[in-house]
Amino acid sequence: MSGAVDLSGLKERAMQPPSAPPTGPGSDSAPATGTGLAPVVDVTDATFQTEVLERSMQVLVVVDLWATWCGPCKQLSPVLEKLAHEGGGTWVLAKVDVDANPGIAQAFGVQSVPTVVAIAGGQPLADFAGAQPEPQLRQWIAALQEAVEGKLAGPPTGAEPEPEPEDPRFVAAENALDEGDFAGAEAAYELILNSEPNNAQAQAALRQVKFLGRVQDLPTDAIEAADAQPDSIDAQFAAADAELYSQRPEAAFDRLVALVRRTAGDDRTRVRTRLLELFELFDPAEPVVTAARRKLASALY
């Protein structure tokens, strides 16, 4: 009862027009006592972002992907609902009718129902397919709750937390960025890092700003020019930036990995350094990044 699921693209699908709400067996939207969370919720393509991804920042969310025609679903769903109610909102069961919500089913790569996926912190932890006996389900959920203990925000207490005051240094940097002043935004973030070298937010923002500032001056034919000059490091860097900016990170990474293979000495070090800089624009757990890191390691060794 373990595995991983690719969640890429779910945010875009969540913005699609609402589908008709499913009427799964035994669903209950009443909030759990004392937590403010409903232990069982019906989820659509339109509500997935809020009810699953955002909710999983607070508590463990177990997604039950089912269908009205599915016999095993009618055995599994009631047991999951029973356990969710017993949990009192400490975790949430999100029920998805795959026929009514093909966007979610496609994103999870569902091949059969029932399929159950556990999500925490916006990321998949484990999954299984098919009906399971209640003792095994209890053990699985208990193990998941133990794994995420202390790592999530927890269910809402009912009182709205006081918003943290905005840091004027970040406000200045963001205002500069909004005005298209990349140099000003870069200087603002560097000023923060001068006094707080380990400020992760400023570090990440500075990397993004440097990249955005760099791509403003890219020629429109950067990729074609690089393909015509395979040994030009500068041309390959420009093309990789263009590919990354056009939402094609795999192409950008593959381009620079191939360049690592064709270079040596200081040139190879320069290419490797640029590739690592591009990796830092992403969450290190992104599948496209982990795959590219493996390719880079193979190219180097």
*What is the fewest-to-most order of V215, V289 by other Cβ atoms lying within 10 Å of their Cβ?*
V215, V289
*When the Cα centres of region 76-142 and region 216-246 are compared, how far apart do they sit, in Å?*
45 Å
*In Hz, Karplus ³J(HN,Hα) per residue of region 279-296 (6.51, -1.76, 1.60; θ = phi - 60°; x = Gly, Pro)*: 4, 5, 6, 10, 4, x, 8, 4, x, 5, 6, 4, 5, 5, 5, 5, 5, 5
*asked:* Quick check on packing: order 90-99, 279-288 by the mean number of other C-beta atoms within 10 Å, highest mean leading.
replied: 90-99, 279-288
*Neighbour net charge for R261 - beta-carbon separation under 13 angstrom, K R +1, D E -1*: +2
*For A126, distant residues with modelled amide H under 5 Å away*: A118
*Return the FRET efficiency for the residue pair Q123, D227: r is the Cβ-Cβ distance, R0 is 35 Å, and the value is rounded to the nearest 0.05.*
0.45
_For the chain, with +1 on Lys and Arg beta carbons and -1 on Asp and Glu, the positive-most of V117, V59, F170 along the dipole_ = V117
*asked:* Between (1) 43, 25, 18; (2) 31, 23, 18; (3) 33, 24, 22, which entry matches semi-axes √(5λ) of the Cα gyration tensor in Å as derived from the coordinates of this structure?
replied: (1)
*How fast does region 168-300 diffuse by Stokes-Einstein, in µm²/s, taking the Kirkwood radius from C-alpha pairs at 20 °C and 1.002 mPa s?*
136 µm²/s
_How charged is the neighbourhood of D167? Take every other residue with its Cβ under 12 Å from the Cβ of D167, and add Lys/Arg as +1 and Asp/Glu as -1._
-3
*Counting only residues 5 or more places away or on other chains, whose amide H sits under 5 Å from the amide H of V40 once H atoms are built in the peptide plane?*
D28, L93
*In sequence order, what are the phi-derived ³J(HN,Hα) couplings for region 86-96 according to the Karplus relation 6.51 cos²θ - 1.76 cosθ + 1.60 with θ = phi - 60°, rounded to whole Hz, with x for glycine and proline?*
5, x, x, x, 6, 8, 10, 9, 9, 9, 10
*222 nm [θ] for the chain, helices only, -39500 (n - 2.57) per DSSP H run of 4+, per residue, to 500?*
-15000 deg cm²/dmol
*Phi-based couplings in Hz for region 69-83 (Karplus 6.51, -1.76, 1.60; Gly and Pro marked x)*: 8, 8, x, x, 4, 6, 8, 6, 4, x, 5, 4, 5, 4, 5
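Each reported figure results from applying straightforward, stated rules to the coordinates on display, with no laboratory input. All of these numbers come straight from a predicted model, not from anything done at the bench. Every residue, glycine as well, gets a Cβ built from its backbone with ideal geometry; the counts of neighbours run over all protein chains shown.
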